[in-house]
1. Once you have the Cα-Cα distance between E219 and R52, take 0.36 nm times their residue separation minus that, and quote the gain in nm to one decimal.
2. Pairs of alpha-carbon atoms within less than 8 angstrom and 6+ residues apart define the contacts here; what relative contact order does region 172-297 have, in percent?
3. Roughly what would the spin-label model give for E165 and A196, points 7 Å off Cα along C-beta, in nm?
4. Pick from P268, P107, P136: which residue has the top mean-square fluctuation in a GNM of the chain where Cα pairs under 10 Å get a spring?
5. Quick check: with the 1.4 Å probe, what order do I230, I203 take by accessible area, largest first?
6. Please compute the per residue accessible area over the chain with all protein chains in place, 1.4 Å probe, rounded to a whole number of Å².
7. Ignoring any ligand, DNA or RNA, what whole percent of the accessible area of region 87-145 comes from carbon and sulfur when the probe is 1.4 angstrom?
8. Roughly speaking, what % of Cα-Cα pairs in the chain are separated by over 24 Å, rounded to a whole number?
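The values are calculated or read from the model by the stated rules, or taken from the named source; none is laboratory data. What you are looking at is a predicted structure, and each value in this text was computed from that prediction instead of being measured. Backbone-built Cβ (ideal geometry, glycine too); neighbour counts: all protein chains shown. Please note that ligands, DNA and RNA were not included when accessible areas were found on the heavy atoms of the full protein model with its side chains. Shrake-Rupley method; radii C 1.70, N 1.55, O 1.52, S 1.80 Å.
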Amino acid sequence: MASAGAALGAEALHVYSHRHYEVDQKVNALFTAKTGIEVKVVNAEADQLIERLKSEGKDSPADVLVTVDAARMQRAVEDGLLQPVKSEILEKSTPGAMRDADGHWYPFTLRARGIVVAKDRVKEGEVKDYADLAKPEWRGRVLARSSTSGYNQSLLASIIAAEGEQAAQKWAKGVAKNLARPPQGGDRDQIKAVAAGLADAAITNSYYLGMLLHSTDAEERKAGAAVRMIFPNQSGRGTHANVSAAGITKHAKNAEAGRKYLEFLVSPEVQKMYAEGSFEHPISMDLSLGGQIKAWGEFKADETTFLKLGELSPAAVRIFDSAGWK
Ligand SMILES: [Fe+2]
(Lines give C-alpha, C1' and ligand atoms only; values in the text may rest on other atoms or scores of the structure.)
Protein backbone atom coordinates (compact mmCIF):
# COMPACT_ATOMS: atom_id res chain seq x y z
CA MET A 1 0.00 0.00 0.00
CA ALA A 2 1.24 3.47 -0.81
CA SER A 3 2.27 5.70 2.07
CA ALA A 4 0.47 8.98 2.71
CA GLY A 5 3.40 10.85 1.18
CA ALA A 6 3.35 8.75 -1.95
CA ALA A 7 -0.42 9.08 -2.18
CA LEU A 8 0.06 12.84 -2.30
CA GLY A 9 2.46 12.28 -5.14
CA ALA A 10 5.58 13.68 -3.52
CA GLU A 11 8.30 12.97 -1.03
CA ALA A 12 7.69 14.58 2.38
CA LEU A 13 9.64 17.69 3.39
CA HIS A 14 11.44 17.33 6.72
CA VAL A 15 11.78 20.55 8.68
CA TYR A 16 13.81 21.04 11.85
CA SER A 17 12.23 24.08 13.47
CA HIS A 18 12.68 26.23 16.52
CA ARG A 19 9.37 28.00 15.86
CA HIS A 20 6.58 27.15 18.22
CA TYR A 21 3.59 29.22 17.15
CA GLU A 22 0.10 28.07 16.21
CA VAL A 23 0.26 29.84 12.87
CA ASP A 24 3.09 27.56 11.71
CA GLN A 25 0.81 24.54 11.55
CA LYS A 26 -1.60 26.47 9.36
CA VAL A 27 1.23 27.59 7.10
CA ASN A 28 2.49 24.03 6.72
CA ALA A 29 -1.01 22.68 6.03
CA LEU A 30 -1.45 25.29 3.30
CA PHE A 31 1.88 24.30 1.76
CA THR A 32 0.72 20.69 1.63
CA ALA A 33 -2.63 21.71 0.16
CA LYS A 34 -0.92 23.69 -2.59
CA THR A 35 1.94 21.33 -3.45
CA GLY A 36 0.94 17.88 -2.28
CA ILE A 37 4.15 17.81 -0.25
CA GLU A 38 3.66 16.74 3.33
CA VAL A 39 5.63 18.76 5.90
CA LYS A 40 7.10 16.76 8.79
CA VAL A 41 8.35 18.97 11.60
CA VAL A 42 10.77 18.27 14.41
CA ASN A 43 10.49 21.00 17.04
CA ALA A 44 13.36 21.84 19.39
CA GLU A 45 15.63 24.69 20.46
CA ALA A 46 17.92 25.90 17.68
CA ASP A 47 21.08 24.82 19.53
CA GLN A 48 19.73 21.29 19.87
CA LEU A 49 18.71 21.16 16.22
CA ILE A 50 22.17 22.32 15.16
CA GLU A 51 23.80 19.66 17.36
CA ARG A 52 21.47 17.08 15.90
CA LEU A 53 22.29 18.07 12.32
CA LYS A 54 25.99 17.82 13.17
CA SER A 55 25.74 14.38 14.71
CA GLU A 56 23.42 13.00 12.02
CA GLY A 57 25.69 14.23 9.23
CA LYS A 58 24.72 12.98 5.79
CA ASP A 59 22.17 10.60 7.32
CA SER A 60 20.06 13.47 8.63
CA PRO A 61 16.44 13.32 7.46
CA ALA A 62 16.22 17.13 7.67
CA ASP A 63 15.76 19.15 4.48
CA VAL A 64 15.19 22.56 6.04
CA LEU A 65 16.40 24.30 9.21
CA VAL A 66 14.20 27.05 10.67
CA THR A 67 15.25 29.23 13.59
CA VAL A 68 14.20 32.55 15.09
CA ASP A 69 17.70 33.95 15.26
CA ALA A 70 20.10 35.10 12.54
CA ALA A 71 23.04 34.35 14.85
CA ARG A 72 22.03 30.67 15.02
CA MET A 73 21.74 30.55 11.21
CA GLN A 74 25.21 32.05 10.90
CA ARG A 75 26.54 29.38 13.23
CA ALA A 76 24.87 26.68 11.15
CA VAL A 77 26.63 28.11 8.07
CA GLU A 78 29.99 28.11 9.86
CA ASP A 79 29.41 24.51 10.87
CA GLY A 80 28.82 23.61 7.20
CA LEU A 81 25.24 22.51 7.83
CA LEU A 82 23.49 24.53 5.12
CA GLN A 83 23.73 24.73 1.33
CA PRO A 84 23.44 27.91 -0.73
CA VAL A 85 20.20 28.50 -2.61
CA LYS A 86 19.79 30.73 -5.61
CA SER A 87 16.29 32.11 -5.96
CA GLU A 88 15.06 35.29 -7.57
CA ILE A 89 11.91 35.15 -5.49
CA LEU A 90 13.86 34.94 -2.24
CA GLU A 91 16.24 37.69 -3.29
CA LYS A 92 13.43 39.98 -4.39
CA SER A 93 11.37 39.38 -1.26
CA THR A 94 13.98 39.80 1.48
CA PRO A 95 16.20 42.76 2.40
CA GLY A 96 19.80 42.29 1.31
CA ALA A 97 21.08 43.49 4.68
CA MET A 98 19.17 40.76 6.50
CA ARG A 99 20.15 37.59 4.70
CA ASP A 100 23.22 35.48 4.13
CA ALA A 101 25.32 36.93 1.31
CA ASP A 102 25.70 33.48 -0.28
CA GLY A 103 22.06 32.43 0.12
CA HIS A 104 22.63 29.79 2.81
CA TRP A 105 19.55 31.14 4.59
CA TYR A 106 16.80 33.66 4.02
CA PRO A 107 14.67 35.56 6.55
CA PHE A 108 10.87 35.31 6.42
CA THR A 109 9.56 37.33 9.38
CA LEU A 110 10.98 40.35 11.17
CA ARG A 111 10.87 40.31 14.96
CA ALA A 112 11.32 43.72 16.54
CA ARG A 113 12.62 43.86 20.12
CA GLY A 114 11.09 46.94 21.64
CA ILE A 115 9.94 48.33 24.95
CA VAL A 116 6.48 48.43 26.51
CA VAL A 117 5.61 51.04 29.11
CA ALA A 118 2.66 51.47 31.43
CA LYS A 119 0.24 53.84 29.70
CA ASP A 120 -0.87 55.43 32.96
CA ARG A 121 2.56 55.96 34.50
CA VAL A 122 4.91 56.74 31.64
CA LYS A 123 4.40 59.86 29.56
CA GLU A 124 4.57 59.88 25.79
CA GLY A 125 8.20 60.46 24.77
CA GLU A 126 9.63 59.55 28.18
CA VAL A 127 11.21 56.39 26.78
CA LYS A 128 12.69 56.60 23.31
CA ASP A 129 15.81 54.46 23.35
CA TYR A 130 17.13 51.31 25.02
CA ALA A 131 19.60 53.66 26.74
CA ASP A 132 16.75 55.25 28.72
CA LEU A 133 16.20 52.01 30.64
CA ALA A 134 19.73 52.19 32.06
CA LYS A 135 19.28 55.67 33.57
CA PRO A 136 19.23 56.09 37.36
CA GLU A 137 15.67 57.48 37.36
CA TRP A 138 14.50 54.02 36.28
CA ARG A 139 15.84 52.27 39.37
CA GLY A 140 13.45 49.45 40.31
CA ARG A 141 11.10 50.19 37.41
CA VAL A 142 12.35 47.91 34.61
CA LEU A 143 11.65 44.28 33.71
CA ALA A 144 13.43 41.95 31.35
CA ARG A 145 13.69 38.21 30.89
CA SER A 146 16.89 36.28 31.53
CA SER A 147 20.11 37.02 29.68
CA THR A 148 20.14 33.35 28.65
CA SER A 149 17.48 34.29 26.09
CA GLY A 150 18.81 34.58 22.55
CA TYR A 151 16.51 37.60 22.14
CA ASN A 152 18.45 39.55 24.77
CA GLN A 153 21.79 38.25 23.54
CA SER A 154 21.15 39.51 20.03
CA LEU A 155 19.94 42.87 21.39
CA LEU A 156 23.16 43.27 23.36
CA ALA A 157 25.19 42.05 20.37
CA SER A 158 23.63 44.86 18.32
CA ILE A 159 24.65 47.40 20.97
CA ILE A 160 28.21 46.02 20.96
CA ALA A 161 28.29 46.25 17.16
CA ALA A 162 27.09 49.85 17.12
CA GLU A 163 28.62 51.33 20.26
CA GLY A 164 31.44 49.03 21.35
CA GLU A 165 31.96 46.68 24.29
CA GLN A 166 32.41 49.37 26.91
CA ALA A 167 29.14 51.10 26.12
CA ALA A 168 27.37 47.74 25.98
CA GLN A 169 28.78 46.82 29.37
CA LYS A 170 27.63 50.11 30.85
CA TRP A 171 24.14 49.64 29.43
CA ALA A 172 23.77 46.04 30.62
CA LYS A 173 24.96 47.02 34.08
CA GLY A 174 22.56 49.96 34.23
CA VAL A 175 19.54 47.90 33.20
CA ALA A 176 20.49 45.04 35.55
CA LYS A 177 20.63 47.57 38.38
CA ASN A 178 17.22 48.97 37.45
CA LEU A 179 15.38 45.64 37.36
CA ALA A 180 12.31 45.44 39.60
CA ARG A 181 12.93 41.73 40.17
CA PRO A 182 15.44 39.07 39.15
CA PRO A 183 14.70 37.95 35.57
CA GLN A 184 12.00 35.31 35.37
CA GLY A 185 9.51 34.11 32.74
CA GLY A 186 9.21 35.06 29.10
CA ASP A 187 8.40 38.34 27.38
CA ARG A 188 4.66 37.96 27.94
CA ASP A 189 5.26 37.63 31.69
CA GLN A 190 7.16 40.93 31.69
CA ILE A 191 4.30 42.71 29.90
CA LYS A 192 1.75 41.27 32.34
CA ALA A 193 3.87 42.37 35.29
CA VAL A 194 4.05 45.94 33.95
CA ALA A 195 0.27 45.89 33.53
CA ALA A 196 -0.03 44.64 37.14
CA GLY A 197 2.06 47.58 38.39
CA LEU A 198 5.23 45.69 39.31
CA ALA A 199 7.32 47.90 37.04
CA ASP A 200 6.84 50.69 34.51
CA ALA A 201 8.72 49.37 31.49
CA ALA A 202 9.78 46.04 30.00
CA ILE A 203 11.87 44.85 27.09
CA THR A 204 9.83 42.65 24.77
CA ASN A 205 9.40 41.50 21.22
CA SER A 206 6.42 43.35 19.78
CA TYR A 207 4.57 40.22 18.63
CA TYR A 208 4.15 39.07 22.24
CA LEU A 209 2.14 42.21 22.92
CA GLY A 210 0.12 41.38 19.80
CA MET A 211 -0.59 37.92 21.19
CA LEU A 212 -1.86 39.42 24.46
CA LEU A 213 -3.98 42.06 22.73
CA HIS A 214 -5.64 39.37 20.61
CA SER A 215 -5.78 36.63 23.22
CA THR A 216 -8.96 34.63 23.87
CA ASP A 217 -8.33 35.33 27.57
CA ALA A 218 -9.90 38.63 28.71
CA GLU A 219 -7.26 39.12 31.43
CA GLU A 220 -4.50 38.95 28.83
CA ARG A 221 -6.28 41.44 26.60
CA LYS A 222 -6.60 43.77 29.59
CA ALA A 223 -2.88 43.45 30.34
CA GLY A 224 -2.03 44.22 26.72
CA ALA A 225 -4.30 47.27 26.74
CA ALA A 226 -2.51 48.70 29.79
CA VAL A 227 0.80 49.16 27.98
CA ARG A 228 2.12 51.14 25.02
CA MET A 229 4.52 49.69 22.46
CA ILE A 230 7.68 51.67 21.76
CA PHE A 231 10.06 50.98 18.87
CA PRO A 232 13.34 52.38 20.22
CA ASN A 233 16.22 54.21 18.57
CA GLN A 234 14.19 55.88 15.85
CA SER A 235 16.49 58.88 15.71
CA GLY A 236 19.50 56.55 15.61
CA ARG A 237 20.22 53.23 13.95
CA GLY A 238 16.68 51.87 14.45
CA THR A 239 14.98 49.25 16.58
CA HIS A 240 16.84 46.01 17.11
CA ALA A 241 15.23 43.30 15.04
CA ASN A 242 15.94 39.66 14.56
CA VAL A 243 14.33 37.34 12.02
CA SER A 244 12.78 33.98 11.55
CA ALA A 245 14.93 32.38 8.92
CA ALA A 246 15.12 29.19 6.93
CA GLY A 247 17.87 27.41 5.05
CA ILE A 248 18.25 24.14 3.19
CA THR A 249 20.45 21.60 4.89
CA LYS A 250 23.71 20.45 3.35
CA HIS A 251 22.50 16.87 3.04
CA ALA A 252 18.85 17.55 2.13
CA LYS A 253 17.20 14.67 0.28
CA ASN A 254 14.49 16.98 -0.98
CA ALA A 255 16.27 20.26 -1.67
CA GLU A 256 13.92 21.19 -4.50
CA ALA A 257 10.88 20.98 -2.20
CA GLY A 258 12.93 22.92 0.34
CA ARG A 259 13.42 25.78 -2.10
CA LYS A 260 9.70 25.79 -2.87
CA TYR A 261 8.99 25.92 0.86
CA LEU A 262 11.34 28.87 1.43
CA GLU A 263 9.72 30.73 -1.47
CA PHE A 264 6.28 29.90 -0.12
CA LEU A 265 7.19 31.38 3.30
CA VAL A 266 7.87 34.81 1.77
CA SER A 267 4.75 34.82 -0.43
CA PRO A 268 2.26 37.62 0.39
CA GLU A 269 -0.36 35.05 1.39
CA VAL A 270 1.87 33.49 4.04
CA GLN A 271 3.33 36.84 5.11
CA LYS A 272 -0.24 37.93 5.87
CA MET A 273 -0.81 34.75 7.89
CA TYR A 274 2.17 35.64 10.09
CA ALA A 275 1.19 39.30 10.41
CA GLU A 276 -2.30 38.32 11.52
CA GLY A 277 -1.54 35.06 13.29
CA SER A 278 1.65 35.64 15.28
CA PHE A 279 1.84 39.45 14.88
CA GLU A 280 5.39 39.30 13.54
CA HIS A 281 6.31 41.87 10.93
CA PRO A 282 6.41 40.78 7.29
CA ILE A 283 9.97 40.58 6.07
CA SER A 284 9.02 43.15 3.41
CA MET A 285 7.70 45.43 6.21
CA ASP A 286 4.47 45.79 4.24
CA LEU A 287 2.25 46.96 7.13
CA SER A 288 -0.92 46.64 5.07
CA LEU A 289 -0.74 42.87 5.63
CA GLY A 290 -2.03 42.97 9.21
CA GLY A 291 -4.27 45.17 11.38
CA GLN A 292 -2.15 45.04 14.53
CA ILE A 293 1.16 45.80 12.86
CA LYS A 294 -0.52 48.62 10.96
CA ALA A 295 -1.81 50.05 14.25
CA TRP A 296 1.72 50.05 15.69
CA GLY A 297 2.83 51.92 12.63
CA GLU A 298 6.00 52.48 10.69
CA PHE A 299 9.39 52.18 12.32
CA LYS A 300 12.96 51.83 11.26
CA ALA A 301 14.60 48.48 11.99
CA ASP A 302 18.35 48.37 12.63
CA GLU A 303 19.91 46.79 9.56
CA THR A 304 23.39 48.12 10.27
CA THR A 305 24.37 45.63 12.97
CA PHE A 306 22.38 42.69 11.70
CA LEU A 307 25.05 40.52 10.13
CA LYS A 308 27.33 40.98 13.15
CA LEU A 309 24.87 39.47 15.64
CA GLY A 310 26.27 35.94 15.33
CA GLU A 311 29.87 36.93 15.71
CA LEU A 312 29.16 39.13 18.74
CA SER A 313 26.74 36.97 20.68
CA PRO A 314 29.50 35.20 22.68
CA ALA A 315 30.72 38.66 23.75
CA ALA A 316 27.15 39.54 24.72
CA VAL A 317 26.92 36.47 26.95
CA ARG A 318 30.20 37.40 28.64
CA ILE A 319 29.07 41.00 29.19
CA PHE A 320 25.70 39.97 30.63
CA ASP A 321 27.57 37.76 33.09
CA SER A 322 29.89 40.44 34.29
CA ALA A 323 27.02 42.96 34.47
CA GLY A 324 25.10 40.68 36.83
CA TRP A 325 22.09 40.30 34.51
CA LYS A 326 21.03 36.75 35.40
FE1 LIG B 1 9.31 34.08 20.70
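1. 56.2 nm
2. 17
3. For E165 paired with A196, the spin-label model returns 3.9 nm.
4. Of the options given, P136 has the highest mean-square fluctuation.
5. The most accessible residue leads, giving I230, I203.
6. Result: 43 Å² per residue.
7. After summing per-atom areas, the C and S share lands at 47 percent.
8. Considering the chain, 54 percent of its Cα-Cα pairs are separated by more than 24 Å.
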